[in-house]
Amino acid sequence: MHQHVEWDDPGSASVAAFFKNDPDHTPPYPGAILSARYQGRIVRVKVEAYREEDAVSIGSVAAILDQHGHRFKSQHKLTVGDMVRLPDDKRAMERWEEDEEKE
């Protein structure tokens, strides 16, 4: 059973938007680690399966972090180890606080 997650919109960190014109970009594969945003935190998901027809990765939450890299065991109803569905349009590139300060 998958945990239902209302992922944050990735905004300018959208993986889908970044790779939309890259014909060589491959879909996620089992073992890949993806990132998404959930209630202001960065969530890393370890892919177990990818449903190309839905453009959705299915996997377990491998880590929950804040923008400083501090790890958490849970964030609201989401816990490390939970099985989740992560749509491609919700995947996000990670940005750390020091990255934002340099711009």
| request: Give me the pairs, please: first residue somewhere in segment 1-19 and touching a residue at least 24 places away in the same chain (Cβ under 8 Å), second residue anywhere and surrounded by fewer than 17 Cβ atoms within 10 Å (Cβ to Cβ) and not in a loop (DSSP other than H, G, I, E, B), beta-carbon distance under 6 Å, and either six or more positions apart or on two chains. | output: His2/Met83; Ala16/Asp89
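Among the residues that make up segment 45-53, is at least one of them over 14 Å from Arg85 (Cα atoms), open to solvent by 60 Å² or more (accessible area, probe 1.4 Å) and out of contact with any strand residue (DSSP E or B) (no Cβ under 9 Å at 6 or more places or on another chain)? Give the steps one after another, and end with the answer.
Quick first cut of segment 45-53, residues over 14 Å from Arg85 (Cα atoms) only: none.
No, that holds for no residue.
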| task | Give the number of residues within segment 13-40 that are open to solvent by 70 Å² or more (accessible area, probe 1.4 Å) and closer than 23 Å to Gln75 by Cα. | result | 2
| request: Scan (1) open to solvent by less than 70 Å² (accessible area, probe 1.4 Å); (2) out of contact with any helix residue (DSSP H, G or I) (no Cβ under 7 Å at 6 or more places or on another chain); (3) part of a loop (DSSP other than H, G, I, E, B); (4) among the aromatic types (Phe, Trp, Tyr) for the single condition Trp7 breaks and write down its number. | output: (2)
| Which of the residues spanning segment 50-94 are in contact (Cβ under 8 Å) with a residue 40 or more places away in the chain, out of contact with any Ser or Thr (no Cβ under 9 Å at 6 or more places or on another chain) and under 16 Å from Pro30 (Cβ atoms)? | Ile58
| remark: Counted residues in segment 54-80 being part of a loop (DSSP other than H, G, I, E, B), out of contact with any Lys or Arg (no Cβ under 9 Å at 6 or more places or on another chain) and modelled with pLDDT of 95 or more come to 1
| said: Quick test of your reading of the structure: Thr79 fulfils all but one of (1) open to solvent by 40 Å² or more (accessible area, probe 1.4 Å); (2) in contact with a Leu (Cβ under 9 Å, 6 or more places away or on another chain). Name the failing condition by number. | reply: (2)
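The values are calculated or read from the model by the stated rules, or taken from the named source; none is laboratory data. As the structure is a computational prediction, the values presented were derived from the model and not from experiment. Glycine gets a Cβ as well: all are built from the backbone with ideal geometry, and neighbour counts include every protein chain shown. Accessible surface is based on the protein model in full, side chains and every heavy atom, while ligands, DNA and RNA are left aside. Shrake-Rupley method; radii C 1.70, N 1.55, O 1.52, S 1.80 Å.
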